[in-house]
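Visitor: The structure's right below; bear with me while I get my questions together.
The values are calculated or read from the model by the stated rules, or taken from the named source; none is laboratory data. From a predicted model like this one, the values you see are computed outputs, not experimental measurements. No Cβ is skipped: glycine too gets one built from the backbone with ideal geometry, and neighbour counts run over all protein chains shown.
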Amino acid sequence: MTASRLATGGSAIDRSRPIRFSFDGTIVQGFAGDTIASALLAGDVAVVGRSFKYHRPRGIWGAGVEEPNALVDIGGSRATPNTRATTEPARDGLVAKSVNATPSALADRNAFLDRFARFIPAAFYYKTFMWPDWHRFEPRIRAMAGLGTVDADWTSPGMADQINHHCDVLVVGAGPAGLAAARLAAGAGLTVTLVDDQQSPGGSLGYRAGEIDGKPAAVWVKETIAELAAGGHLILPSTTALGIYDHNLVGLNQRHFDGRPDTLWRVRPRQIVLATGAIERPLPFANNDLPGIMSADAAFAYLRRHAVLVGRRIIVATNNDSAYEVAGALAEASAEVRLVDIRRNGTPAAPANARLIKGRSLASASGKLRVDGVTLDDGTRFDADCVLVSGGWTPTIHLFGQAKGKLAWSDARAAFLPGDPVDGIAVIGAAAGAVSLSEVFAGAGPAFAPLGQTKAPLPRSTGPKATGGILPAWPIPGSKGRIWIDYQNDVTVKDVELAARENFVSVEHLKRYTTLGMATDQGKTSNLPGLALMAGITGRTVPEVGTTTYRPPFTPVPLASFAGARVGELMAPVRRLPLENVHRANGAVFQEYGGWLRPAHYGGYADAERSIADEALRARQSVALFDGSTLGKIEVIGPQAAAFVDFLYYNTMSTLKPGRCRYGFMLSENGVVFDDGVLVRLGEHRFVVSCSSSHVAAVHARLEEWRQDRFGRGAVYIHNATSDMATLTVSGPNSRKLLKALGLGLSLGDADLPHMAIAHGSYAGDEVRITRVSFTGDRSYEISIRADRAEPLWAHLRKAGQAFDAVAIGLEALMILRAEKGFIVIGKDTDGTTLPHDLGVDGPRVKRQTEFVGRRSLFTEEASRDNRMQLVGLAVPQGEAPLPTGAHGIKRIDGRLRSQGFVTSSYQSPTLGRPVALGLIERGATRHGETIDIQHLGKISKATITAPCAFDPAGERLHA
Amino acid sequence: MQLFPCPFCGPRDETEFHYGGDAGNVRPDGIDVPTDRWAGYLYLRGNPKGTAREIWVHMICGEFFVMERDTVTHKVLSSAALDGEHAA
């Protein structure tokens, strides 16, 4: 036994509540309030994981979020990989497994890899596995290197909460600086939110000596928290500020430890106070990665919070003042302590009962599965069961860096400190380089100054005064032995030297070439030593080398937390028809079309293709019923409505008479056809833009844009009524007969309601609008009715339709019908270069005298090119199958294949008994009758260019 | 996440907005507009470093407006509703 639990003490643990959990299959005992790490230490478990590449044994390093080594996969109900044992509470029945170790961290079968370490330095993969193909090696390498395992069968136990929150002051970190700032801000009448990544507040006050306003620090912490809680301020423990985003949005990751997914908070404070503290750095010496070598500050935290004494014969190695208090406390707890300080002069006094060795540093540590001794630079050897190191403090300025705060190098602190202030952000406490409590509190006063001042006095430190003396102890180029810089990613001094030799001297290159500072800890302990070493190698100063870019998240955040409610169907919600349930009851098979969930076909036959063909055939024979509710219905109303639609449409629309409709194109300013559809003129100053289902939002936005940016708000008013109304389409030779049977109270005679006209009737007391337009080529009527009253009308149509063998058709059959007629679908039969005259509609371009969107673009050199791709029909030789959509028309130029266009729509027409197809083919409009080669997946077939319309070219069926 | 001031709704998250192009890119009407002028209207953008005047639309309420903002600091300087501003 070396590490052990003391019989008394431990501010965080509750000895009346023992707990048991499993680690690598072994039962570990602890108390409520333990973290997994503190319980493992109390149980003297030294090896808690294996390193990323070499499978070196790894022990607990720290006591917080910076932990590079002690990662565990937590199974059972949560199955979260790479959880930091240092921040994860130990709980009864929890199942934890070490990472990158099989079967256990102690007896890892890949441990042999470390013997080959010299052959697998940084970038080894890049250089070695190039031939024949990296992917042949990848699976095995991935299985052998890495960290935790993702459980593929795991699903989130529920949607993660996401909370938007506002407050005056957000204080990140509940150490002395954060608590003081929060208390002062609350006293100034501001609303405060205080977050801390530990389970209980206090930060270093939880273990370092302190007396505030004449009280023990622990009492002051308790009082401050109680005061904030009583004031209604929000206090979030176990919550990490993961990032600062634009305009000072702060993301928080709140952990629950009860099976609930983490909560994501989006906080918009008026002022951010970063009291994020500082992280202790390791010291460079050979084998400094052995289990049992840990942060001195962490050992102190374990001693006070969890009553864990990390060793009996302890070496404390340091280059700064902070380790003295640690050495003294450990000696007082009856450990044998040797304090090795790199400094010869200017050190504090030796702590009682600890031996101080000045002017010496550690050269190496020894041991196999845990450290058993150290050798100093003068060759002296000491046995030890634990080595605590303090290489100085790196202020936690990640969030400040993310907010684009500039850093300033401090020689006195041997660290980067926050430089020029950033609007709305104050950095205080150890994160700003403060050492003593007096310095910390002095900074807390002005932290929220932009919002007001408090009259309350600053807290006063009345206890011993901490000092910040330090002599830098950076890794030295050319040092002997294996000196770890990055524990998590197995990066040593030699790897950094290798990167420098190969000219990866920029910190960003260094990071990516060696993986220094990557993975779950993002180099919280290793970045600064790494770039200081690079500075040493390249003869630059540390600030000249600079830091890598700070990016969120500060600590790993589960993706489920970012997803929130956007999972499953809510990831991209579909729009639904008012009659969806009715269609389902009728056997409809649904598919998504342009964001809408619509019937693809009804289940007439088990075989979808046969159902679709049957629907298309019967539609031509008698009458078809189709739910066209998705069709856009955007009303344009106002004194300038006619001028407005004239400008928006390619076709002249102002000449339309009230009660009539006209088909037209909308173009983009570059002349490309953007949408097509029918415009209805309801009255002198009122139109309905009927646009493609998938274009409603875009057309609406476009109308609003020209309204607000050209015509003015008084000119027209625009109302998107698409979802207000359901539109049921009745199409086919018997459509008028079926409509008569409904009794809509209007004359359906062709004189009263000709093609491209509208009429109003009523159904069951509701007004209906009948629009006689056709997308099938047959006589068709669109009946629009209040969406919530459509169901009886549809039922009536179905029932009355039985006398005519009416058939409900889905979108697939409609596609066949419209392709037979050569009617296009924008975006399918056109692409991002198609101009209106490519589709055979040249009239407005030639004749219109008034301005419209896209007009000038129709008169460019490009628009006038004589070899433009034009809309055509394509017929295949008798007996052949339909052309594949997307197949290219080809030609040979100098013996080389060239595309001359492509097939855009292709179907088997059940009515014609042969395939029909549309395509965009070079000069197609002038080449009707010509046979061309069509290539698809290397196979060449023939097709003859025809007019787009293959069925009823004279249009007689519209009036039949 | 930036906060943009919609003249109608007030400050809202940037995800609710859509960029609408440079402000002041006045549409030249007519078929006699010189080709390069028309091409400039269609495609040439200032892409300034620093203060930019841009058209944005708040997709929730449909408001198009001119926003002045700093493309380096992301500071929003002003926003104002459009009302036929670019009428020819």
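Visitor: Being among the aliphatic types (A, V, I, L, M) and surrounded by fewer than 15 Cβ atoms within 10 Å (Cβ to Cβ), is that true of even one residue in the range A:600-615? Reasoning before the result, please.
Guide: Initial filter on the range A:600-615 (among the aliphatic types (A, V, I, L, M)): A:600, A:606, A:608, A:612-613.
From what is left, the residues that are surrounded by fewer than 15 Cβ atoms within 10 Å (Cβ to Cβ) are A:606.
The answer is yes, given that some residue of the range A:600-615 is among the aliphatic types (A, V, I, L, M) and surrounded by fewer than 15 Cβ atoms within 10 Å (Cβ to Cβ).
Visitor: What is the number of the single condition among (1) surrounded by 19 or more Cβ atoms within 10 Å (Cβ to Cβ); (2) in contact (Cβ under 8 Å) with a residue 24 or more places away in the chain; (3) more than 12 Å from chain B (Cβ to nearest Cβ); (4) farther than 19 Å from A:W596 by Cβ that A:T729 does not meet?
Guide: Of (1) surrounded by 19 or more Cβ atoms within 10 Å (Cβ to Cβ); (2) in contact (Cβ under 8 Å) with a residue 24 or more places away in the chain; (3) more than 12 Å from chain B (Cβ to nearest Cβ); (4) farther than 19 Å from A:W596 by Cβ, only one is false for A:T729: (4).
Visitor: One residue is enough: does the range A:676-698 have a residue meeting the conditions buried (at least 23 other Cβ atoms within 10 Å of the Cβ), touching a residue at least 12 places away in the same chain (Cβ under 8 Å), out of contact with any Cys (no Cβ under 9 Å at 6 or more places or on another chain) and within 14 Å of chain B (Cβ to nearest Cβ)?
Guide: Yes, the range A:676-698 contains a residue that is buried (at least 23 other Cβ atoms within 10 Å of the Cβ), touching a residue at least 12 places away in the same chain (Cβ under 8 Å), out of contact with any Cys (no Cβ under 9 Å at 6 or more places or on another chain) and within 14 Å of chain B (Cβ to nearest Cβ).
Visitor: Does A:G671 satisfy the condition of being within 24 Å of A:V846 (Cα to Cα) and among the small types (G, A, S)?
Guide: So A:G671 fits the description; yes.
Visitor: Going by the conditions given, is A:G765 surrounded by fewer than 20 Cβ atoms within 10 Å (Cβ to Cβ) and within 14 Å of another protein chain (Cβ to nearest Cβ)?
Guide: Taking the combined requirement at face value, the residue does not satisfy it.
Visitor: Taking A:E336 as the residue in question, decide whether it is without any contact (Cβ under 8 Å) to a residue 40 or more places away in the chain and surrounded by fewer than 16 Cβ atoms within 10 Å (Cβ to Cβ).
Guide: no
Visitor: Give the residue, chosen from A:K97, A:K127, that is outside any loop (DSSP other than H, G, I, E, B), farther than 16 Å from A:M144 by Cα and modelled with pLDDT of 85 or more.
Guide: On the way: A:K127 fails: modelled with pLDDT of 85 or more.
Going through A:K97, A:K127 in turn, the sole match is A:K97.
Visitor: Further question on the same structure: Quick test of your reading of the structure: A:L533 fulfils all but one of (1) surrounded by 20 or more Cβ atoms within 10 Å (Cβ to Cβ); (2) assigned to a loop (DSSP other than H, G, I, E, B); (3) more than 18 Å from the chain's Cα centre (by Cα). Name the failing condition by number.
Guide: Here A:L533 clears every test but (2).
Visitor: Which members of the range A:253-278 meet the condition of being buried (at least 24 other Cβ atoms within 10 Å of the Cβ), assigned to a strand (DSSP E or B) and among the aliphatic types (A, V, I, L, M)?
Guide: A:I272, A:V273, A:L274, A:A278
Visitor: I would also like to ask the following. Go through (1) surrounded by fewer than 22 Cβ atoms within 10 Å (Cβ to Cβ); (2) of a type outside the set (S, T, N, Q); (3) within 14 Å of another protein chain (Cβ to nearest Cβ) one by one and return the number of the condition A:V250 breaks.
Guide: Only one criterion in (1) surrounded by fewer than 22 Cβ atoms within 10 Å (Cβ to Cβ); (2) of a type outside the set (S, T, N, Q); (3) within 14 Å of another protein chain (Cβ to nearest Cβ) is unmet by A:V250, namely (1).
Visitor: Sticking with this one: Wholly within the range A:568-640, which strands (runs of 3 or more DSSP E) include no fewer than the required count, namely at least 1 residues that are within 15 Å of A:R798 (Cβ to Cβ)?
Guide: Correct list: A:588-593, A:596-602, A:624-627.
Visitor: Here are some residues: A:V846, A:V853. Which one is free of Cβ contacts under 8 Å to residues at least 12 places away in the same chain and of a type in the set (V, I, T)?
Guide: Unique residue meeting the criteria: A:V846.
Visitor: Filter the range A:834-852 for residues that are away from chain B (no Cβ under 14 Å) and loosely packed, with under 15 Cβ neighbours inside 10 Å; which is nearest to the chain's Cα centre (by Cα)?
Guide: So the residue we want is A:D842.
Visitor: Which residue is nearest to the chain's Cα centre (by Cα), if the candidates are limited to the range B:34-88 and must be more than 13 Å from B:G20 (Cα to Cα) and among the basic types (K, R)?
Guide: Checked the range B:34-88; the qualifying residue nearest to the chain's Cα centre (by Cα) is B:R69.
Visitor: Among the candidates A:R713, A:R702, A:R772, single out the residue that is among the charged types (D, E, K, R), within 14 Å of another protein chain (Cβ to nearest Cβ) and touching a Phe, Trp or Tyr at 6+ places or on another chain (Cβ under 9 Å). Full working, then the answer.
Guide: Details: A:R713 fails: touching a Phe, Trp or Tyr at 6+ places or on another chain (Cβ under 9 Å); A:R772 fails: within 14 Å of another protein chain (Cβ to nearest Cβ).
From the options A:R713, A:R702, A:R772, the qualifying one is A:R702.
Each row is one residue, and each column tells you yes or no for (1) buried (at least 19 other Cβ atoms within 10 Å of the Cβ); (2) touching a residue at least 60 places away in the same chain (Cβ under 8 Å).
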position	(1), (2)
A:S864	no, no
A:E880	no, yes
A:F902	yes, no
A:G924	yes, no
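Visitor: Still on this structure, please answer the following. If you scan the range B:41-51, which residues turn out to be exposed (fewer than 14 other Cβ atoms within 10 Å of the Cβ) and either touching a Lys or Arg at 6+ places or on another chain (Cβ under 6 Å) or not hydroxyl-bearing (S, T, Y) (or both)?
Guide: Across the range B:41-51, the qualifying residues are B:L44, B:R45, B:G46, B:N47, B:P48, B:K49, B:G50.
Visitor: If you don't mind, there's one more thing I want to ask. Among the residues of the range B:38-52, is any within 24 Å of A:A403 (Cβ to Cβ), more than 8 Å from every other protein chain (Cβ to nearest Cβ) and of a type in the set (K, R)?
Guide: The answer is yes, given that some residue of the range B:38-52 is within 24 Å of A:A403 (Cβ to Cβ), more than 8 Å from every other protein chain (Cβ to nearest Cβ) and of a type in the set (K, R).
Visitor: Now for a separate question. Please pick out the residue among A:R868, A:R855 that is at pLDDT 95 or above, surrounded by 15 or more Cβ atoms within 10 Å (Cβ to Cβ) and within 14 Å of chain B (Cβ to nearest Cβ).
Guide: Within the list A:R868, A:R855, the selection yields A:R855.
Visitor: If you scan the range A:350-384, which residues turn out to be under 29 Å from A:F112 (Cα atoms) and basic (K, R)?
Guide: Result: A:K368, A:R370, A:R381.
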